[in-house]
Amino acid sequence: MLGEISETTFKWLDERLSLSAVASAAGKKKVPLHKQSFWYYMGGIAMLLLAVQFLTGILLMVYYIPELSSANSSVLFINSQIDFGWFVRSMHSWGANILIFVLFAHMFSAYFMKAYRKPRELTWISGLGLLMLCFGFGFTGYLLPWDEVAFFATKIGIDIAEQVPLIGGILANLLKGGSEVGQGTLSRFFLLHVIVLPLGLFAIAGIHLLLVQLHGMSEPKSFQAQAPEKKKYEMFFPDFFMKDLMVWLLAFNVLATIVILFPWGVGPEADPFAAAPAGIKPEWYFLGMFQFLKLLPAHIGFIEGEKVGLLIFALIGGIFAAAPFIDKGENPKLSMFFDIYGLMILIGLIAFTIWGYLA
Amino acid sequence: MFNLTRKDFIRVLGGFFAAIWAAFATYPFFRYLMSGAEKKTGEDSQVTSLSLGKADDFIPGSSKNFKFGSIPALMVRTEDGAFHAYNAICTHLGCTVQFSSEKKHIFCACV
Ligand code: HEM
């Protein structure tokens, strides 16, 4: 009886949506099994965390008020008055940070496994776009509780944006939306955070995931070099998918546990006319770059130090992004160069971040 | 009579735990949305009386809609000079009622 109903329902949908074509395509997808297979889960974890961000973000908007005199108290209200408000808020704050951490792992694992090589150049580029968008989410979201730390961190961030060559002034004004960081900034950051960036994220994530389905999982060189009978695969559906589900469950539960043990607090309301308190720092994922900029002298030659710093970032990042177009896998020396290059970036990033913490 | 295979047993058990997990995972979000309506704002509970002005300002047969805490209220001074105050929420559809001084009765415009 039940089986009959679901069979007819499936048939009805299948005739209209070609479900079996999709199912048979998914049924063919294979995932290579090797020592680094573990990293194939990272993109999926990012997807789960993204879903958590959307859900909790929508819930926060139910009570959050993007207005200068209410923003901080509305967050405080969520944290202290609304049932499980602290839970939802902390899921969103912790989730954001863990998502960015997972994205770093995803990015560097794809990089070192050379997954960016043909035909996956656009997967790589769209991935970098997603990371930039997530940085944007982090930067704009940080201001929304309108607490002291957020206020001054945003001032610094906009100040740095102002140093971008040529368009810096325009960029800073567009972000600020007023002569000073104030209601205009809060409104704009809110809109960016809840409408503009999500739309961009949907579009680019769609492309990213479509490309992943199109290409299947990349196979590392060491795996490709194996004799055909030694190469092991597992079916994406149901084997890998089942494990994916388990990893999602684990990731969600780990997040919930962290949230319960270390709920996210609210700082004192920002006072635009008070002196900056000690220890203003950007979020950890900007901290390395921030520390690097701090080390530069005010002027290098004719140019301001920060401008030089941003140009250096652009150069380093540009080469990193261009890796698939230079390191095509034909030249072992180039391949080696990019291995070392990536390693230096990774070590530099970690070192400057720790330095920023201790400074 | 009732033949449960090992596989079915595991399935049912798995579904059972999944359902428990889902309940635990969704309950906080449900409570989060519910508690907005349940929270009393300080205003509601505190107001027990308020002044609408001098008694002489209201001629007999006049009325005034006003705010009582968070509740819409209606004060009517009848022809006999007596003051009457009501909760102005209509019992029919929850609109706010008013007083017609011509027809001398309370009515709701939401019909
Ligand atoms: C919101 C952000 C992102 C989501 C949701 C996401 C999702 C995914 C998923 C589900 C996969 C397939 C499974 C896997 O390999 O892990 C994947 C693959 C891939 N992603 Fe991402 N990703 C994101 C960001 C990035 C970033 C920042 C990069 C690097 C710049 C990147 C580069 C790649 C590459 C090169 C692959 C192909 C890996 C392979 O075939 O071995 N992605 N992504």
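The values are calculated or read from the model by the stated rules, or taken from the named source; none is laboratory data. Values in this document were obtained by computation on a predicted structure and should not be read as measured data. Glycine also receives a Cβ, built like all others from the backbone with ideal geometry; neighbour counts cover every protein chain displayed.
Observations, loosely collected:
- Scan of segment A:13-26 for residues that are part of a helix (DSSP H, G or I) and more than 16 Å from the ligand (Cβ to nearest atom), ordered by number: A:LEU13, A:ASP14, A:GLU15, A:ARG16, A:LEU17, A:LEU19, A:SER20, A:ALA21, A:VAL22, A:ALA23, A:SER24
- Lone unmet requirement of (1) away from chain B (no Cβ under 14 Å); (2) charged (D, E, K, R); (3) within 18 Å of A:PHE189 (Cβ to Cβ) for A:ARG89: (1)
Matching residues to (1) within 16 Å of the ligand (Cβ to nearest atom); (2) of a type in the set (Asp, Glu); (3) surrounded by fewer than 21 Cβ atoms within 10 Å (Cβ to Cβ):
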position: A:GLN81; (1), (2), (3): no, no, yes
position: A:MET113; (1), (2), (3): yes, no, yes
position: A:THR123; (1), (2), (3): yes, no, no
position: A:GLY138; (1), (2), (3): yes, no, yes
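- Residues that are within 9 Å of the ligand (Cβ to nearest atom) and not acidic (Asp, Glu) do not occur anywhere in segment A:143-160.
- Within segment A:258-284, being loosely packed, with under 14 Cβ neighbours inside 10 Å and within 14 Å of another protein chain (Cβ to nearest Cβ) holds for one residue alone: A:ILE260.
- Matching residues, segment A:212-266, being within 13 Å of the ligand (Cβ to nearest atom), over 26 Å from A:ASP327 (Cα atoms) and basic (Lys, Arg): A:LYS243
- A:ILE195 vs. criteria part of a helix (DSSP H, G or I) and either of a type in the set (Phe, Trp, Tyr) or surrounded by 16 or more Cβ atoms within 10 Å (Cβ to Cβ) (or both): no
- Any hit, segment A:307-314, residues being of a type outside the set (Val, Ile, Thr), crowded, with 17+ Cβ neighbours inside 10 Å, under 30 Å from A:GLY44 (Cα atoms) and away from the ligand (no atom under 16 Å from the Cβ): no
- Filter result (small (Gly, Ala, Ser), out of contact with any helix residue (DSSP H, G or I) (no Cβ under 7 Å at 6 or more places or on another chain) and modelled with pLDDT under 85) within segment A:1-47: A:GLY3, A:ALA23, A:SER24, A:ALA25
- Of the residues in segment A:8-22, at least one is in contact with a Phe, Trp or Tyr (Cβ under 8 Å, 6 or more places away or on another chain) and either within 23 Å of A:LEU133 (Cβ to Cβ) or without any contact (Cβ under 8 Å) to a residue 12 or more places away in the chain (or both).
- Among the residues of segment A:227-250, those that are of a type in the set (Lys, Arg) and touching a strand residue (DSSP E or B) at 6+ places or on another chain (Cβ under 9 Å) comprise A:LYS231, A:LYS232, A:LYS243.
- Residue in segment B:59-72 that is in a loop (DSSP other than H, G, I, E, B) and on the phi > 0 side of the Ramachandran plot present: yes
- Boolean, A:PHE54 is aromatic (Phe, Trp, Tyr), surrounded by fewer than 20 Cβ atoms within 10 Å (Cβ to Cβ) and outside the structural domain of A:ASP339 (by TED's automatic domain parsing): yes
- Odd one out for B:ALA37, checked against (1) within 14 Å of chain A (Cβ to nearest Cβ); (2) surrounded by 10 or more Cβ atoms within 10 Å (Cβ to Cβ): (2)
- You will find that of B:GLY81, B:GLY53, B:GLY36, B:GLY15, the residue that is closer than 30 Å to A:LEU249 by Cβ and over 21 Å from the mean Cα position of the chain (by Cα) is B:GLY15 and no other.
- Looking at A:LEU133, A:LEU143, A:LEU175, just one residue is in contact with a Leu (Cβ under 6 Å, 6 or more places away or on another chain) and surrounded by 18 or more Cβ atoms within 10 Å (Cβ to Cβ), and that residue is A:LEU133.
- Residue satisfying condition, being at pLDDT 90 or above, surrounded by 15 or more Cβ atoms within 10 Å (Cβ to Cβ), within 14 Å of chain B (Cβ to nearest Cβ) and farther than 19 Å from A:GLN36 by Cβ, within set A:LEU287, A:LEU255: A:LEU255
- Scan of segment A:335-357 for residues that are of a type in the set (Val, Ile, Thr) and out of contact with any Phe, Trp or Tyr (no Cβ under 8 Å at 6 or more places or on another chain), ordered by number: A:ILE340, A:ILE347, A:ILE350, A:ILE354
- A single member of B:VAL76, B:VAL97 is within 22 Å of the chain's Cα centre (by Cα), surrounded by 13 or more Cβ atoms within 10 Å (Cβ to Cβ) and at pLDDT 90 or above, and it is B:VAL97.
- Those helices (runs of 4 or more DSSP H) of segment A:274-359 in which at least 3 residues are under 30 Å from A:GLU148 (Cβ atoms), considering only elements entirely within it, cover A:284-295, A:305-321, A:332-358.
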